Amino acid sequence: TAMEYPRTGAHHLIEAQVDAAPDAIAVACEGRELTYRELDRRANQLARYLQRRGARAGERIGISTDRSIDMIVAALAVMKSGAAYVPLDPAYPPGRLAFMLADCRAPILLTTRALRDRLSPGSAQVVDLELGDTMHTVSISGAPPVAARSVVLAMGVSYKRLDVPALAELEGSG
């Protein structure tokens with residue numbers, strides 16, 4: 001049975017839900033919930049950040065997280081950035097993950113601090129995602145010649161300023 005489907009990405013469907021029912025629960029996991037509005041806001045913020053780091057159409061961004069709200073926000077953000085995401089299951093053996101990362105040549109890898117040591121990112125910039133209810137922690141590495149640095153973005157209206165050189169590029173990301 002043939003059926004016509006709209007030629008739109010999942011991120012556009014989420015945006016339509018934001019317009020239709022912004023305060024409805026979009027995703028729930030392990031006692032945490034996000035409304036469509038919150039999900040869209042967090043994904044937009046991360047997408048803008050990824051675009052400033054080089055995410056665009058034709059690029060592949062690796063995502064290696066446990067199943068969580070963080071994973072949904074990351075996947076949606078990558079789609080909004082115009083790039084495609086490559087899911088890297090943390091349960092895979094480290095050698096397989098290393099092969100997949102090298103094979104897809106992802107310039108950016110989204111992961112968590114807990115999983116970071118299992119991965120061999122090569123030349124990919126590693127972005128550590130810790131998407132709590134109010135804070136989003138991002139650590140950047142793999143961007144020679146600049147040393148690794150960390151920034152903390154509030155996922156609400158504004159962000160907390162830290163004395164970190166990379167913060168200048170985050171102005172206006174709230």
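The values are calculated or read from the model by the stated rules, or taken from the named source; none is laboratory data. Given the structure is predicted, the values throughout are model-derived calculations rather than measurements. Because the Cβ atoms are built from the backbone with ideal geometry, glycine has one as well, and the counts that use them run over all protein chains shown. Accessible surface is based on the protein model in full, side chains and every heavy atom, while ligands, DNA and RNA are left aside. Shrake-Rupley method; radii C 1.70, N 1.55, O 1.52, S 1.80 Å.
Data table
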read-out	value
Meets criteria (out of contact with any His (no Cβ under 8 Å at 6 or more places or on another chain), aliphatic (A, V, I, L, M) and under 22 Å from Glu38 (Cβ atoms)) for Met79	no
Check on Ile25, among the β-branched types (Val, Ile, Thr), open to solvent by 60 Å² or more (accessible area, probe 1.4 Å), under 23 Å from Gly9 (Cβ atoms) and modelled with pLDDT of 85 or more	yes
Those strands (runs of 3 or more DSSP E) lying entirely in the range 1-114 with at least 1 residues within 17 Å of the chain's Cα centre (by Cα) and aromatic (Phe, Trp, Tyr)	84-87
Residue that is least open to solvent (accessible area, probe 1.4 Å) [pool: residues in the range 29-43 that are in contact with a helix residue (DSSP H, G or I) (Cβ under 7 Å, 6 or more places away or on another chain) and over 9 Å from Leu76 (Cβ atoms)]	Leu34
Single unsatisfied condition, Val86 versus (1) open to solvent by less than 40 Å² (accessible area, probe 1.4 Å); (2) touching a helix residue (DSSP H, G or I) at 6+ places or on another chain (Cβ under 7 Å); (3) in contact (Cβ under 8 Å) with a residue 40 or more places away in the chain	(3)
Matching option when the condition is without any contact (Cβ under 8 Å) to a residue 12 or more places away in the chain and hydrophobic (A, V, I, L, M, F, W, C), among Ala77, Ala91, Ala106, Ala98	Ala91
Residues of the range 62-74 satisfying the condition of being open to solvent by less than 20 Å² (accessible area, probe 1.4 Å) and either more than 22 Å from Ala26 (Cα to Cα) or without any contact (Cβ under 8 Å) to a residue 60 or more places away in the chain (or both)	Gly62, Ile63, Ser64, Val73, Ala74
Pair list, Cβ < 7 Å and 6+ apart or interchain, from the range 32-47 residues that are farther than 14 Å from Asp70 by Cβ to residues that are charged (D, E, K, R)	Thr35/Asp23; Arg37/Asp23; Asp40/Glu15; Asn44/Lys80; Ala47/Lys80
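Residue by residue, here is whether (1) modelled with pLDDT under 90; (2) surrounded by fewer than 16 Cβ atoms within 10 Å (Cβ to Cβ); (3) touching a Ser or Thr at 6+ places or on another chain (Cβ under 8 Å) holds:
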{"position": "Arg60", "(1), (2), (3)": "no, no, no"}
{"position": "Leu76", "(1), (2), (3)": "no, no, no"}
{"position": "Tyr92", "(1), (2), (3)": "no, yes, no"}
{"position": "Gly122", "(1), (2), (3)": "yes, yes, no"}
